[in-house]
Structures are given as structure tokens and as C-alpha cells.
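Below: the structure, in C-alpha cells.
The values are calculated or read from the model by the stated rules, or taken from the named source; none is laboratory data. What you are looking at is a predicted structure, and each value in this text was computed from that prediction instead of being measured. Glycine also receives a Cβ, built like all others from the backbone with ideal geometry; neighbour counts cover every protein chain displayed.
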């Protein structure tokens, strides 16, 4: 019961000298965080509304920190919403139905991003704190649903599911620079106040002797922060791996703010001043996350450069190879190529040996270049992996037509998020 995470009845020094129980903000904080990822909410009290709203707003304020990926056409925001829904049913669980629902939400999160399985042992322990039957229900439903989904998907895709989802990512190496950089650069530096408030809330639970709520809070922190830490240290990771950590800190920020507001009720004379300082502290945290939103808007230069790319692709009578932007070829009716990240996994660019499938793919692509199957090849500023592997055969069969394809738009067609790269070099077939 999340209400156990809150202090017992406190005496409010008011005229009536009545007792009042601190309302539980968990539901509102989780649902408001999920709201930002596509959920719904309803209000149950002004303090809950305020703390939940602050948590949701803080999560929204991490938009730039998370690589501006909240609204991209990817699965990260859906993954976060599903994880938060699982947390909400888990922490507010009162019976087996709630823990079964939490497991099903986590299964859906797993089908969105397989890293959700990292949360399974932490969530199982949280369920165990509620009771053995609750834990067995959670674990049984999760194991059966995830296992059934894996079996069905692997059979349907004839073995490709396990290969692509588990075998290839397993060879990724760790980027040791992020083992410490995650805490110093990604968490503490931009969210130091939220970190302090999370610590404050955890210490309050400990000082008040609330063992079970404290353990639940600790397990939730370990799960969500650990998920982001491990994801960020992956050699192929990006800032979208930080979503779970930022969600936890936003939730803890709201919980701590709620806790502090309730604690000052015991001192009516100082309450207005303390509230003012609390709001100032919250404001400082939001100011620390300020960014220029207009820098993320597409510009006229982006539009102009995009038209140049479209004209270049459509002007070629035959196939065109654009290794870093396969979608451009498809949109221009020039075929398509696998995403560079998928190719990198086959070629061992993120760790581990080169796969036999990768060697076959290299040989096939090298033969296509040697036969001059492509009328043109357009390389990005960040396609060193391509030039390194095909430099000899490329120069023998193609000539460099342009070293800066978008020279008229020096600030155009650069991604607003993600890896900073754009089409640069244009190679044409020598016998044209």
C-alpha cells in the first residue's frame, strides 16, 4: 500500500487541534508522469495535484536532457509509459489482480524495449514485500506472458526474433566512460536538486522507521536508475536511455515536495516562509533545465537542403545508395538499405566478433559496388565505417563528384536530435 510510505497521523496545530492523515500522492505522480507519455489522470486533492503536477512538469523539463526524443517516432515514450503503469499497479497493489496487471504492463514494456526485463527482479522483490502470494502472482504472470510472447514471435519470424533481439545486442561492449559519467554528467549535474530531494524523501522514510516503504522506494530507485545506468553504458546507447532515471527522479521530486509541504503544517507560524523557500528551490531546479526550444524547430535551410537531396535522388535514373539515410532512398523510390546500427551489429562495430552474416553482407555490398549497380553513392559526414571497408573498390569504380553536396546550406539538414551527421559526398559511376 503506497500510503504506508507516508507518515502517520500528525497533529496540526490549528484552532480545531484535529488530526489529519497525509494524503497519498503516488497515484497522481505516477499517472501524471505517464500522462506526459500518453496516459490520463484525475484529481484527488490540491496537494496531490500540485506534487503530481510538479513531477510531471519536471519529467517534461528533461526533454532536452533526454536528447529531445520524447516526441520522436520511436518507442521510448511508449516504453516509459508502460513501465510507469506497471509501477503504479505494483506500488498501489492491494490484491493479486493488481500484481498480475503490473506484470502484464511490464510484459508490454518488454515487447517495446527488451531492457524492461532488468526491472523484473526489483519489481518481484517489491511484490514480495507485500506478501509471498503477491510475488508469486507477479512472477508467474510475468514469466508466462513474456515466455509466451518470445516463443510466438520467434516462431512467427522463423528465429529472427531471438537473433535480432537477444543474440546481436548481447555482444555490445560497455563504454566505461559512462560508468561514472552517467552519475556526474547525466544525473547529478543537471538534476542536483531533484537528487537531493530524492535523498531527503528516502531519509524521511528511514528516520520514521517505515521499513517496508523505505525498501520499496530503494528497490524502485535501484531498478529505474540501474536500468538507465546500464543502458547508458552500452556502446550503442544514446540519451534516450536516460528516460527511466529521469522518471524516477521526477517522481521522487514530487514525493519529497509533498512530504515537505505536509511536514511544515506542524509549524503554522513558519509554514508560509518554508513554503516560499520550497517553491524557490523547485523553481531553481526548473531553471537549471532551461533550454532554447526554437533551436529544435526545422528551418528554411533544412527545407532547402532537403529539396536538394530529393532532387539529387530523383534525378538519378537508377538505384542510389545512401548508407546513413535509407529512408531517403525509399521515399525517392530508389530502394532501401538497412539502418547503420543494424549493420554495425552484424559487423561487430559495437563489440564482439564480426558475424558470418556480416561478412556475407560485406561481400555482397562490395560486389554490388564493383559491378556499379548504383548510379550514385551518397556518404555522410559520419560514414567512416563505410569508407574504411569499401575505400578501394569505391575509388576504383566511382569518382567523387562533390565533397559537399549541401554546400549552399551550411546550417541545413543537420539533425535536431541524435548523431550529428548529414549527406556530404556524392560519388558517381565512372562509366556514366
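Restricting to the range 179-216, what's the tally of residues that are under 19 Å from residue 231 (Cβ atoms), in a loop (DSSP other than H, G, I, E, B) and modelled with pLDDT under 90?
Here the count works out to 0.
For the range 139-169, what are the residues that are outside any helix (DSSP H, G or I) and either touching a helix residue (DSSP H, G or I) at 6+ places or on another chain (Cβ under 8 Å) or closer than 18 Å to residue 108 by Cβ (or both)?
Once the filter is applied, which keeps residues that are outside any helix (DSSP H, G or I) and either touching a helix residue (DSSP H, G or I) at 6+ places or on another chain (Cβ under 8 Å) or closer than 18 Å to residue 108 by Cβ (or both), the range 139-169 yields only 168.
What residue, of 220, 179, 174, is surrounded by 15 or more Cβ atoms within 10 Å (Cβ to Cβ), within 20 Å of the chain's Cα centre (by Cα), within 27 Å of residue 124 (Cβ to Cβ) and touching a residue at least 24 places away in the same chain (Cβ under 8 Å)?
Exactly one residue qualifies, and that residue is 220.
Let me confirm something: among 271, 305, 235, which residue is more than 22 Å from the chain's Cα centre (by Cα) and either surrounded by 21 or more Cβ atoms within 10 Å (Cβ to Cβ) or more than 26 Å from residue 49 (Cα to Cα) (or both)?
Going through 271, 305, 235 in turn, just one is more than 22 Å from the chain's Cα centre (by Cα) and either surrounded by 21 or more Cβ atoms within 10 Å (Cβ to Cβ) or more than 26 Å from residue 49 (Cα to Cα) (or both): 305.
Out of the residues in the range 313-329 that are exposed (fewer than 14 other Cβ atoms within 10 Å of the Cβ) and part of a helix (DSSP H, G or I), state the one that is farthest from the chain's Cα centre (by Cα).
315
Scan 206, 192, 237 and give me the residue that is touching a helix residue (DSSP H, G or I) at 6+ places or on another chain (Cβ under 7 Å) and within 25 Å of residue 70 (Cα to Cα).
Criteria check complete, one pass: 237.
Which residue is surrounded by the fewest Cβ atoms within 10 Å (Cβ to Cβ), if the candidates are limited to the range 380-409 and must be within 22 Å of residue 301 (Cα to Cα) and in contact (Cβ under 8 Å) with a residue 24 or more places away in the chain?
408
Report yes if residue 228 is farther than 30 Å from residue 344 by Cα and assigned to a helix (DSSP H, G or I), otherwise no.
Against the criterion (farther than 30 Å from residue 344 by Cα and assigned to a helix (DSSP H, G or I)), residue 228 does not qualify.
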